[in-house]
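Peer 1: One structure, as structure tokens, below. Some questions next.
The values are calculated or read from the model by the stated rules, or taken from the named source; none is laboratory data. Being a predicted model, the structure only gives us computed values, none of them experimental. Ideal geometry is used to build each Cβ from the backbone, glycine not excepted, and the neighbour counts take in all protein chains shown. With ligands, DNA and RNA removed, areas are computed over all heavy atoms of the protein, side chains included. Shrake-Rupley method; radii C 1.70, N 1.55, O 1.52, S 1.80 Å.
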Amino acid sequence: MTKNIVIKFGGSLLFSEGGIINSQKITEFCNTIKHKNDYNSIVIVCGGGTIARQYIRAIRDLTGNEVLCDLVGIEISRVNSRLFIAEMKGLAYPQVPTSFEELSLALGTHKITIMGGLQPGQSTTSVAMTVADYLKAEKLVILTDVDGIYDKDPDLHKDAKLMETISYDSLQKLILDSSADTQASAGEYRIFDAVSLQILKRSRIKVIVMSGKNLSQFQKLWNNEKQFIGTTISK
Ligand code: UTP
């Protein structure tokens, strides 16, 4: 039976203070993937990070056109993907797929595929979710800058608790009920956008949200350890 996995590498993990590219983290992440590979297909979806946000801010000031802002965010996420392709060397498909047609060609080579955004109006989490649905992936791992999903925004509430598991319906309720707290603008506490919630409801894919600030939890998951810090979203 084929076993596929999608990993979203949050843009917030890509850059250190001052916008310096965190090459060490990219190397550590790629080495983990290279070290052990149990999967038929691996797709890594890369976010835009602070650089994308700088461009988005400038384009917004210059034009006030949100679609152009999205397009520049997509471009930057594709440039970021190049960092992983470079580090994976021959193990990665050398191009960044920009459509599902191109993705299917990349998957046909059985190399690790790295991609960024696809079309305006969504985040790279939505891309990761759609790709996971397309691949009928065993799981989607979302590496971000928080330990998982909390019952409240941890930046605003000291008593916020990390949830080990959450159902699709409870996640939707949590996000809709606390939309003022959690559905913030780009760069703030916001893991799921509206598109990704819709795809999740349809695909019912198993999603694990965990911190990629320190890759130790991801390494545990990658090595099939049962205990790790993060939130599993499932039926
Ligand atoms: P993200 O906001 O998804 O990147 O994409 P990120 O930095 O990883 O986000 P976090 O840290 O996980 O929250 C950057 C921007 O690119 C545009 C959106 O404007 C998005 O905010 N984008 C991305 C699209 O318009 N379409 C896509 O398919 C992907």
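Peer 1: Just name one of P120, T130, G49: the one whose Cα is farthest towards the positive end of the charge dipole of the chain (beta-carbon charges, Lys/Arg +1, Asp/Glu -1).
Peer 2: T130
Peer 1: Given a Förster distance of 30 angstrom, what is the FRET efficiency for R60 paired with L176, based on the Cβ-Cβ distance and rounded to 0.05?
Peer 2: 0.70
Peer 1: So, for the chain, what is the accessible surface per residue at a probe of 1.4 Å, expressed in square angstrom?
Peer 2: 49
Peer 1: Choose one of V146, H157, A58: the residue whose Cα lies farthest towards the positive end of the charge dipole of segment 55-188 (beta-carbon charges +1 Lys, Arg; -1 Asp, Glu; about the Cα centre).
Peer 2: Farthest towards the positive end: A58.
Peer 1: Right, here's the next one. Could you tell me which helices of the chain pass both thresholds, a Cα extent of 27 Å or more along their own axis and a mean Kyte-Doolittle hydropathy of at least 0.0, with helices taken as whole DSSP H runs?
Peer 2: 66-88
Peer 1: Antiparallel versus total DSSP beta bridges in the chain: what percent is that, nearest 5?
Peer 2: 20
Peer 1: Sticking with this one: What is the magnitude of the charge dipole of the chain about its Cα centre, with +1 placed on the Cβ of each Lys and Arg, -1 on the Cβ of each Asp and Glu, and no other charges, expressed in debye to the nearest 20?
Peer 2: The calculated dipole for the chain is roughly 700 debye.
Peer 1: Need the full-extension length gain, A86 to E101, defined as separation in residues times 0.36 nm minus the C-alpha distance. One decimal, nm.
Peer 2: That pair, A86 and E101, stretches by 3.1 nm at full extension.
Peer 1: Checking the table K3/K206; K89/K213; K8/K161; K173/K226; K173/K235 against a 20 Å threshold on Cα-Cα, which pairs fail?
Peer 2: Too far apart for the 20 Å limit: K89/K213; K8/K161; K173/K226.
Peer 1: If you average the sequence gap of Cα pairs under 8 Å that are 6 or more apart and divide by the length of segment 66-148, what percent do you get for the contact order?
Peer 2: Reported relative contact order: 29 percent.
Peer 1: Name the long-range amide H neighbours of V141: under 5 Å, sequence gap of 5 or more, or other chain; modelled H, no Pro or chain starts.
Peer 2: V6, I7, K8, I208
Peer 1: If you filter segment 92-140 for trypsin sites (Lys or Arg not before Pro), then keep DSSP loop positions with at most 12 other Cβ within 10 Å, what is left?
Peer 2: Taking segment 92-140 and a limit of 12 other Cβ atoms within 10 Å, the loop trypsin sites (Lys or Arg not before Pro) found are K136.
Peer 1: Can you check what the net charge comes to around T50, using other residues whose Cβ is under 11 Å from the Cβ of T50 (Lys, Arg +1; Asp, Glu -1)?
Peer 2: Surrounding charge for T50 is +1.
Peer 1: Counting only protein heavy atoms, what percent of the accessible surface of the chain is carbon or sulfur at a 1.4 Å probe?
Peer 2: Of the solvent-accessible surface of the chain, carbon and sulfur hold 52 percent.
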